[in-house]
Amino acid sequence: MKKTLTIFFFLFGLIATAKAQVSAGVDIFSSDTFVTIGTNPDNDLFGEGRISTGGDIGIELMGGYNLIKKQDVNFYLGLGLGVNDDRRGNDFYIGVPFGLLVKPFGGAPNLGLVLEAAPIIPDETDSYFRAGFGFKYTFR
């Protein structure tokens, strides 16, 4: 797990320093709750690091591409790689997230509501579908 954390923070450091604007958020999915730090989600390409909280600790790196970008909504598709430490060992997985970032608060354009779903394909157990919502704030 220590090696995985080191790789995660190294890769996340590369993502975070690539752009000056940073976003932070909380996502509540059907499988876990994630705390997120990432690059500006309004860029064509953006990245995000996620740490799951709760019973099992997990780490996920997600890269996304905005297929549709408007002033108050983005539709994105991405690819995520993660590891979930479930006390029996590390379960690696791949996810294909797609979702909406909606910015409904005209007076606060940096605050957004995230609606996301993703099929999750683990290496050792059955696949499942994850969905949920969250909040994201972009520091500009």
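Summary of computed values
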quantity: Hey, VAL83 at pLDDT 85 or above and over 18 Å from ILE37 (Cα atoms) or not; calculated: no
quantity: Of all residues making up the stretch 27-46, the number that are closer than 19 Å to LEU115 by Cβ and under 9 Å from the mean Cα position of the chain (by Cα); calculated: 5
quantity: Tally of residues being assigned to a loop (DSSP other than H, G, I, E, B) and aliphatic (A, V, I, L, M) across the stretch 19-67; calculated: 1
quantity: Selection count where residues are under 15 Å from VAL114 (Cα atoms) and part of a strand (DSSP E or B), scope the stretch 68-81; calculated: 8
quantity: Criterion (closer than 21 Å to ARG130 by Cα, without any contact (Cβ under 8 Å) to a residue 24 or more places away in the chain and surrounded by fewer than 21 Cβ atoms within 10 Å (Cβ to Cβ)) met by exactly one of THR53, THR36; calculated: THR53
quantity: All strands (runs of 3 or more DSSP E) inside the stretch 87-140 with 3 or more residues being under 27 Å from ASP56 (Cβ atoms) and modelled with pLDDT under 95; calculated: 90-95, 111-122, 128-139
quantity: Within the stretch 81-140, considering residues that are of a type in the set (Val, Ile, Thr) and under 16 Å from VAL26 (Cβ atoms), the one surrounded by the fewest Cβ atoms within 10 Å (Cβ to Cβ); calculated: VAL102
quantity: Residue among THR138, THR125 that alone is under 22 Å from ILE37 (Cα atoms) and among the hydroxyl-bearing types (Ser, Thr, Tyr); calculated: THR138
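The values are calculated or read from the model by the stated rules, or taken from the named source; none is laboratory data. As the structure is a prediction and not an experimental result, all values here were calculated from the model. In this analysis, Cβ positions are derived from the backbone assuming ideal geometry, glycine residues included, and neighbour counts consider all displayed protein chains.
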